[in-house]
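Trainee: Below you will find the structure I want to go over with you.
The values are calculated or read from the model by the stated rules, or taken from the named source; none is laboratory data. These numbers were taken from a predicted model, which means no experiment stands behind them. Please note: Cβ atoms are built from the backbone with ideal geometry, for glycine as well, and neighbour counts cover all protein chains shown.
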Amino acid sequence: MPSAMLDLVTHEEAPPRSPAVHLVGGRTLSYGDLAALVAQAERSLRHDAKALVLCAGDRDLPTLLTYLAALRLGHTVAFLPASSEIVSKYQPEFVMPGPGGGSELAALGYLPGEEVGGSHVFRRRSARPAGDIFPDTALLLSTSGTTGSPKAVRLSYDGVADNAAAIVRALGVTAAERAPTTLPITHAYGLSVVNSHLIAGASIVLTDRSPLSLALWDHVTRAGATSFAAVPTTYAALGPAHVNLLERTEIRTMTQSGARLGDELTMRLVRMMQRRHGRFFPMYGQTEATSRITCLDPAALPDHLGSVGTAVPGGVLTIAPTEAHDRAAPGEGAVHYRGPGVMLGYATGRDDLGRGPEVDVLDTGDLGYLRDGYLYLTGRTKRIAKVLGVRTSLDDLERVVERSGHPSAVVCRDDVVYLFGAGDPDVHERQRRRLAEALGVPSRHVALRHVDRLPQTPGGKVDYRALTAAVDTQEVGPWN
């Protein structure tokens, strides 16, 4: 048995006859069924040493089985694209391509092996060792911050297990829960839904449909889903038709993470779930913390409206001093986190995988303050800009003009604040004037750009790099 591994399939909380995975079409895999399929997948991933298994798919059965089997074998799973650049940098021993993929892997030195869930796992042809992997490394997840460059985050087996257990405690997940995969499992939030439910002996509803599609809602209704996880852009897009569909489901728990959720929308969702005798949990997390950092108990609302909650069990939040800006809140500083799931470090290639823990306290890159243990986020450290010599928070400016139903975002270039609006032009013009007033600058230093929609990162956040590029080139991208 490997020195570090994680079994999410055969443990005391998962009786063999209990449901584990609900598939499209009505078929349900029990934990016993799932264990048998995972055991078959393990035979395809046998290797003399700890191996790197690259999973390029998302929310399909072959990817899920490969992931679970690799964890039981103590390998490292990389949820990264199977591009020539990634494969050459990380040299994985095994590759599970996405559905219909794999044709390009032969040219990269890989041969098709046995099937897992109906898809071939590809094995690296070369017998030459690619490089050692630190024994406790469980996952490589990409992180694409709204202002930073993408990196791979190294996460440990202990961190994955501890963070999943912390989520179970924070949300009160029981074996009766059924969670649909409404988010990509290639990202920390979506993967945490899978991990936390399987570790609790609950079940998942496996689907890759958009959380706004009628097909998704039909599937979760038929499967008896009890929870729903989404990012703010999804919740903002829920219309009367979705609310009507929700009434047909057994969903009693909703969770939110990703970008900040406006106060008005938060309370609307809280009241909607209260009418269903359910709960709505605003949350906060980062890939560098494996997933969740805080959780806001609905019972704390509306008293702590605007907060992302308290640290998950086992976690500790602190605020470190940082250079102030003109709109800084009392006690505001850099948000630091210590607790279950803090990453081992970053990686840019195979040579980095042999390194051990390099991070004790995580500097989240966020600004915020604590009140009675509740964390209030105010912005990103990289989203502080100077306008006519005055340091100001662009995230705080967005809150100044926030209007439900009229999405907007702010970037800054050369002493000019650019307001991008995807709603009513008249509303955005009033927002532009309000920004100039809040900044105390002539109105010519706040420019308005109308767009059909705001660009998003894969994690569902506003893509500020795309907006800044639109300012620099004076052209909007394909997202508009």
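Trainee: On the basis of being free of Cβ contacts under 8 Å to residues at least 60 places away in the same chain, within 22 Å of THR294 (Cβ to Cβ) and either assigned by TED's automatic domain parsing to the domain that holds SER408 or not aliphatic (A, V, I, L, M) (or both), does SER227 make the cut?
Mentor: So SER227 fits the description; yes.
Trainee: Let me ask you something else. Among (1) under 30 Å from ALA161 (Cα atoms); (2) free of Cβ contacts under 8 Å to residues at least 60 places away in the same chain; (3) surrounded by 18 or more Cβ atoms within 10 Å (Cβ to Cβ), which single condition is HIS336 missing?
Mentor: (3)
Trainee: So, one more: Considering the range 399-446 alone, what residues qualify as being buried (at least 16 other Cβ atoms within 10 Å of the Cβ) and part of a strand (DSSP E or B)?
Mentor: Hits for the range 399-446 are SER408, ALA409, VAL410, VAL411, CYS412, VAL417, TYR418, LEU419, PHE420, GLY421, VAL446.
Trainee: I've got another one for you. So which of ALA164, ALA176 is closer than 20 Å to VAL38 by Cβ and modelled with pLDDT of 95 or more?
Mentor: ALA164
Trainee: Okay, moving on. Please give the helices (runs of 4 or more DSSP H) falling wholly within the range 1-116 in which 1 or more residues are at pLDDT 95 or above and surrounded by fewer than 23 Cβ atoms within 10 Å (Cβ to Cβ).
Mentor: 31-44, 61-73
Trainee: Another question, if that's okay. Given the options THR182, THR266, name the one that is among the hydroxyl-bearing types (Ser, Thr, Tyr), within 19 Å of PHE79 (Cβ to Cβ), out of contact with any Cys (no Cβ under 6 Å at 6 or more places or on another chain) and buried (at least 20 other Cβ atoms within 10 Å of the Cβ).
Mentor: Matching residue, one of THR182, THR266: THR182.
Table: residues versus (1) modelled with pLDDT under 95; (2) farther than 26 Å from GLU250 by Cβ.
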| position | (1), (2) |
| --- | --- |
| GLY278 | no, no |
| PRO282 | no, no |
| GLU288 | yes, yes |
| CYS295 | no, no |
| HIS304 | no, yes |
| SER307 | no, yes |
| PRO313 | yes, yes |
| THR322 | yes, yes |
| HIS325 | yes, yes |
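Trainee: Let me ask another. Being at pLDDT 95 or above and not in a loop (DSSP other than H, G, I, E, B) is the filter here, so list the residues in the range 202-219 that pass it.
Mentor: Within the range 202-219, SER203, ILE204, VAL205 meet the criteria.
Trainee: Might you check whether a residue that is without any contact (Cβ under 8 Å) to a residue 12 or more places away in the chain and either of a type in the set (Lys, Arg) or closer than 26 Å to ASN163 by Cα (or both) occurs anywhere in the range 269-281?
Mentor: Scanning the range 269-281, I find at least one residue that is without any contact (Cβ under 8 Å) to a residue 12 or more places away in the chain and either of a type in the set (Lys, Arg) or closer than 26 Å to ASN163 by Cα (or both), so the answer is yes.
Trainee: Looking at (1) at pLDDT below 95; (2) crowded, with 16+ Cβ neighbours inside 10 Å; (3) within 20 Å of GLY379 (Cβ to Cβ), which is the only condition ALA230 fails?
Mentor: Of (1) at pLDDT below 95; (2) crowded, with 16+ Cβ neighbours inside 10 Å; (3) within 20 Å of GLY379 (Cβ to Cβ), only one is false for ALA230: (3).
This table checks each residue for (1) under 29 Å from ALA161 (Cβ atoms); (2) touching a strand residue (DSSP E or B) at 6+ places or on another chain (Cβ under 8 Å); (3) of a type in the set (Asp, Glu); (4) outside the structural domain of ASP426 (by TED's automatic domain parsing).
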position: MET343; (1), (2), (3), (4): yes, yes, no, yes
position: ARG350; (1), (2), (3), (4): yes, yes, no, yes
position: ASP366; (1), (2), (3), (4): yes, yes, yes, yes
position: ARG371; (1), (2), (3), (4): no, no, no, yes
position: LEU375; (1), (2), (3), (4): yes, yes, no, yes
position: ILE384; (1), (2), (3), (4): no, yes, no, yes
position: VAL387; (1), (2), (3), (4): no, yes, no, yes
position: THR392; (1), (2), (3), (4): no, yes, no, yes
position: SER408; (1), (2), (3), (4): no, yes, no, no
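Trainee: Let me ask something additional. Can you give me the number of residues within the range 462-474 that are part of a loop (DSSP other than H, G, I, E, B) and surrounded by 18 or more Cβ atoms within 10 Å (Cβ to Cβ)?
Mentor: Count: 1.
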